[in-house]
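Colleague: Here it is, the structure, as structure tokens.
Read the figures in this text as sums done on the coordinates, not as results from a lab. Please read all numbers here as calculations on a predicted model, not as lab measurements. Positions of Cβ are generated from backbone atoms using ideal geometry, with glycine treated the same way; all protein chains shown enter the neighbour counts.
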Amino acid sequence: MTDIQLMEEAKKARKNAYAPYSNFAVGAALLTEGGALYTGCNIENAAYGPGNCAERTAFFKAVSEGERSFAKIAVVGGAEGSDPVEMCAPCGICRQVMREFCDPESFEILLQDGKGGVVSFTLGQLFPHGFGPENLGR
């Protein structure tokens, strides 16, 4: 799957976002090393804390299905009802979840640049010196 195709899948997932409080809809498309695709959207809650980001939704779906090896994720977000105009990078909690399962030097995070293009970062670039399983002696 190309980066552009993966980004299109994230845009489709964004349409399912439940964001009545922030009106900021996010979609994510996660590609496994084996080529399987898992999508997610952000899901808000009136109590705020119980909400979940699109990226973690995609990861939790994949992990709950037995996946453990991931290649890349595409993330797109912005005001509901309009096309995103800026990059929407994963929050710190999502980066920590990615760090649990992904190699910081090879896992790619694809972001829409707001101009129709895609910008690629490694997890290590967006989350340097992250805390991972090896820090616990694993």
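Colleague: Amide H to amide H under 5 Å from GLY51: which residues, 5+ apart in sequence or cross-chain, H placed 1.01 Å off N in plane?
Modeller: ASN45
Colleague: Taking the beta-carbon count within 10 Å as an exposure proxy, list VAL75, VAL85, VAL118 from fewest neighbours to most.
Modeller: VAL85, VAL118, VAL75
Colleague: To the nearest 20 debye, what is the magnitude of the charge dipole of the chain about its Cα centre, counting +1 on the Cβ of each Lys and Arg and -1 on the Cβ of each Asp and Glu?
Modeller: Taking the Cα centre of the chain as origin, the dipole is about 220 debye.
Colleague: For the residue pair ASN45 and THR2, what label-to-label distance in nm results when each label sits 7 Å from Cα along the Cα-to-beta-carbon direction?
Modeller: 4.0 nm
Colleague: What FRET efficiency comes out for SER69 versus ASP113 if R0 is 25 angstrom and r is the Cβ-Cβ distance? Round to the nearest 0.05.
Modeller: Values: r = 27 Å, r/R0 = 1.10.
Computed FRET efficiency for SER69 and ASP113 comes out at 0.35.
Colleague: Tell me which of GLY77, ALA46, LEU111 sits at the most positive position along the dipole axis of the chain, charges placed on C-beta atoms (Lys, Arg +1; Asp, Glu -1).
Modeller: ALA46
Colleague: Using a 10 angstrom cutoff on alpha carbons, build the Gaussian network for the chain and name the most mobile of GLN96, GLN125, GLN112.
Modeller: GLN125
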